[in-house]
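Here is the structure we will look at.
Every read-out reported here was derived from the displayed coordinates using simple, explicitly stated rules and does not represent laboratory data. If you're wondering where the values come from, they're calculated on a predicted model, not measured in any experiment. Note that we place each Cβ from the backbone using ideal geometry, even for glycine, and neighbour counts take in every protein chain shown.
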Amino acid sequence: MNAFAPAPLAELPTPALLIDRDRLVRNIEEMSALAASAGVRLRPHFKASKCLDVARLQLDHGAIGFTCATAAEVTALLEAGIRDLVWAHQPVGPAKVDFAVRAGVPVAVDSVEVARPLAEAARAAGRRQPYLIEVDTGLGRAGVAPEDALALAAELAALPSLELRGVLTHEGHLMTYLGDRPGMDKAGTLVGEVLAGVAAELRAAGHPCEIVSVGSTPGATTAPFVPGVTEARAGTYVFYDSNQVALGTAGLSRTALTVLTRVVSTPRGGVAIVDAGLKAMSSDASVNGSGFGLVVDRPSLTFAKANEEHGYLTGEGVDALRVGDLLRILPNHGCGVVNMWSRAHVVEGDTAVARWPITGRH
Ligand SMILES: Cc1ncc(COP(=O)(O)O)c(C=O)c1O
């Protein structure tokens, strides 16, 4: 039950994390329709919201389950009865291995070193541990090189108590195609082709490969459309952020997450201090190097600097700001900002209508 009494934004204590409900629902509807038109299942990344209310909306609109980065995210979803999960991270170290085997959710594996303790723990527990081979299709993070995936699959198949479910990749390198949408789209298609090629190679060698999973917001219009890809794992799209706007994956009117802040000091000409600092905005940089977030109400201002609880606004029009003025800041990277908060206010127009907990943060 929502015990929250609706309130005008001006009555909220600041800083406050705001979710625009209409925009959120529209983003969810559109990504579900996009995945359906690609003929793939949608398994959004939960790290983007860490909010069960958002997750339920995604499920209502056809998501099959969720992707997680951390054990805390997996736990939050399992405790809410949401069981179709992929833990897209290598569970390394005894505590994580034990958790993975108890949770029984598919995990990412990109080496025998990761797989062996998992296999041993699964055998000791009398279980089979599902896993996906993580393939590096260009990000240069975790993941086996595409040309080495078959050899790895053969080595892993020799280990007991493991069950190969498929392959996954995260095409995070698409974030580097600032100002080059054709290049980004070409790279996204290539990601799908490379991963589908790896899957075909594994199947030809007799390995099961039911899931072929790509995942990112900038790649959502390309990689899932490649024949052979079965699953898309975009996450950031629920809210979008200023980085996605800079990349051109969404317009400003689609962004659903802002931080409400107040001017608390105008100590000298040329600067205004607000009560949203690093602990409200995170220190995630902008892809185009433009400060700590976008001042959506006054785009001529720059969020130039931030301390823990103070933000410094500069730029044209800053001297017109008065102590007490309310402003909304669009984060550079929504996922990092969500992780700073334990709750968000849901807004319709200028009214806060609900308060949703952010769970699964640690
Ligand atoms: C493994 C994995 N899958 C999916 C995603 C979602 O991508 P995006 O944040 O671009 O929506 C991420 C993002 O970091 C990821 O790491």
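Percent of C-alpha pairs per 10 Å bin in segment 21-237, short distances first: 9, 35, 37, 17, 2, 0. Taking the charge dipole of the chain about its Cα centre, with +1 at Lys and Arg Cβ atoms and -1 at Asp and Glu Cβ atoms, the residue from 119, 42, 146 reaching farthest to the positive side is 119. Rg over Rh for segment 244-306 works out to 0.96, using Cα positions for both radii and the Kirkwood form for Rh.
All C-alpha pair distances within segment 53-95, sorted into 5 Å bins from zero, spread as 5, 22, 30, 23, 10, 5, 3, 1 percent across the bins.
Between residue 343 and residue 200, the distance separating the two model label sites (each 7 Å from Cα on the Cα→Cβ line) works out to 5.3 nm.
Spacing of the modelled spin labels on residue 92 and residue 7, each 7 Å from Cα toward Cβ, amounts to 4.5 nm. A Stokes-Einstein calculation at 4 °C with viscosity 1.567 mPa s, built on the Kirkwood radius of segment 1-84 over Cα pairs, returns a diffusion coefficient of 90 µm²/s. Counting lysine pairs in the chain that sit 8 or more residues apart in sequence, or on different chains, and whose Cα atoms lie under 30 Å apart gives 9.
Over what distance in Å are the Cα centres of segment 80-141 and segment 7-50 separated? If you average the Cα positions of each part, the centres end up 28 Å apart.
Based on the Cβ-Cβ distance of residue 189 and residue 127, what FRET efficiency does E = 1/(1 + (r/R0)^6) give at R0 = 25 Å, to the nearest 0.05?
Working: r = 38 Å, r/R0 = 1.52.
Given R0 = 25 Å and the Cβ-Cβ separation, E is 0.10.
The equivalent ellipsoid of segment 252-357 has semi-axes of 21, 16, 13 Å, largest first, where each one is the square root of 5 times an eigenvalue of the Cα gyration tensor. The mean sequence distance of close C-alpha pairs (under 8 Å, at least 6 residues apart), as a share of the length of the chain, puts its relative contact order at 21 percent. Take the convex hull of the alpha carbons in segment 173-262; its mean projected area over all directions comes to 6.8 nm². Restriction of the GluC sites (Glu not before Pro) in segment 160-250 to DSSP coil positions whose beta-carbon has at most 15 other beta-carbons within 10 angstrom yields 210.
Compute the orientation-averaged projected area for the chain from the convex hull of its Cα atoms and round it to one decimal in nm². Could the numbers behind the result be given before it?
Details: hull surface 72.6 nm².
In nm², the orientation-averaged hull projection of the chain is 18.2.
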